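Contents: one structure, followed by commentary.
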Amino acid sequence: MSKSSSDFFLFGIDFGANPGQRELIRQINEDPQRKPVVFCRGDAGTGKTFAALAGALSLVRGHGSKRSKYKTLYYVREPVEVGHRLGYLKGTEEDKFGPYLGPLLDNYSHLMAYGRKEGVVPQPLRQPKKHKMEEEEEDTAGFARAYSKLPLDIVPLAPEFLRGRSFENCIIIVDEAQNLTLEEMQMLVTRIGNFCKMIVLGSPNQIDIPGVGEEDNAFTLAYQILEPTGLVGYVHLTEPMRSGFVAEFDQAFVAYKKAHPKVKKTDLRPKLDE
């Protein structure tokens, strides 16, 4: 394998075979002093989070090498609910945020599975068999248990957690950025410190907050505001990774909602109580 292609062969997966994902990983590897922020747009199933997580993890895992100074990986996502609300969730911060980490945990599990299959990720140590009571106690641990498996830190989108804070020697993945407010995007990008790379992922055609459209959401507006600085990159993923018909299904819903702008999100939700 050539040196250039090996840069895109991560966790046993050839990301170089997909032009969009290849470009995303290339920009993630760019000097953060020159391009500290990368915006990545992609419809459902184009592998935004999957490729971004692979690129970010490979750099954090390579900390100490001449090509990486990154020490920590952070994950930011606005916990916006679609349809029926979960309501108040008891427990720790990890318990409250856990329900929104499913996609991230799935992507991480897939990366580790591919990596182990190809022999580039060590096999997990075999744990001694647990007593039935221990298994029952572990099952009550909730989403915090899933969170603990991820080699990253969660950043809550709240002023009390972010004001005055500076992120240095780290990579930050901002997921579902189309659901953020412009003020939240401003707060995030102004926290960037020394040797920090921020990857902003968004699907402007999948917005879960009322009154916001494909052209006036925070992901789109933030890129338009920052693009003239020359300090941000942009990648548009178009190839579906899940299955060939996912993009067709997605576009069918997008076309319907554009043709029926007065239809509210709640009107599209099945009436489960009837």
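Restricting to the stretch 158-179, name every residue that is farther than 13 Å from MET198 by Cβ, surrounded by 14 or more Cβ atoms within 10 Å (Cβ to Cβ) and acidic (Asp, Glu).
GLU176
Pairs, please: C-beta under 6 Å, at least 6 apart or cross-chain, first residue closer than 16 Å to GLY42 by Cβ and in the stretch 240-262, second surrounded by 13 or more Cβ atoms within 10 Å (Cβ to Cβ) and modelled with pLDDT under 80?
PRO240/VAL246; PRO240/ALA247
Mind counting the residues in the stretch 1-55 that are part of a strand (DSSP E or B) and basic (Lys, Arg)? Walk me through how you get there before you give the answer.
The initial filter retains those residues of the stretch 1-55 that are part of a strand (DSSP E or B), namely 9-10, 13-14, 37-42.
Among the residues that remain, those that are also basic (Lys, Arg) are: 41.
Residues that pass the stated criteria total 1.
Would you mention how many residues in the stretch 194-237 are in a loop (DSSP other than H, G, I, E, B), under 23 Å from GLN21 (Cα atoms) and not polar (S, T, N, Q)?
Step one: filter the stretch 194-237 for residues in a loop (DSSP other than H, G, I, E, B), giving 194-195, 203-217, 230-231.
Applying the additional criterion that residues be under 23 Å from GLN21 (Cα atoms) yields 195, 203-207, 214, 230-231.
Still in the running and not polar (S, T, N, Q): 195, 204, 207, 214, 230-231.
Matching residues across the stretch 194-237 total 6.
Are there any pairs, at least 6 apart or on different chains, whose C-beta atoms fall under 8 Å, with the first in the stretch 24-44 and without any contact (Cβ under 8 Å) to a residue 40 or more places away in the chain and the second in a strand (DSSP E or B), and if so, which?
Every condition considered, the pairs that remain are ILE25/LEU10.
Across the stretch 225-257, what is the number of residues that are at pLDDT 80 or above and of a type outside the set (Val, Ile, Thr)? Break it down stepwise before answering.
So the first thing to find is which residues in the stretch 225-257 are at pLDDT 80 or above, and the list is 225-241, 249, 252-253, 255-256.
Then drop every residue that is not of a type outside the set (Val, Ile, Thr), which leaves 226-228, 230-231, 233-234, 236-237, 239-241, 249, 252-253, 255-256.
Residues meeting the conditions: 17.
In the stretch 76-116, which residue that is over 19 Å from ALA44 (Cα atoms) and of a type in the set (Phe, Trp, Tyr) is modelled with the highest pLDDT?
This residue is TYR114.
The values are calculated or read from the model by the stated rules, or taken from the named source; none is laboratory data. Just so you know, these numbers come straight off a predicted model, no measurement behind them. FYI the Cβ positions are ideal-geometry reconstructions off the backbone, even for glycines, and counts take in every protein chain you see.
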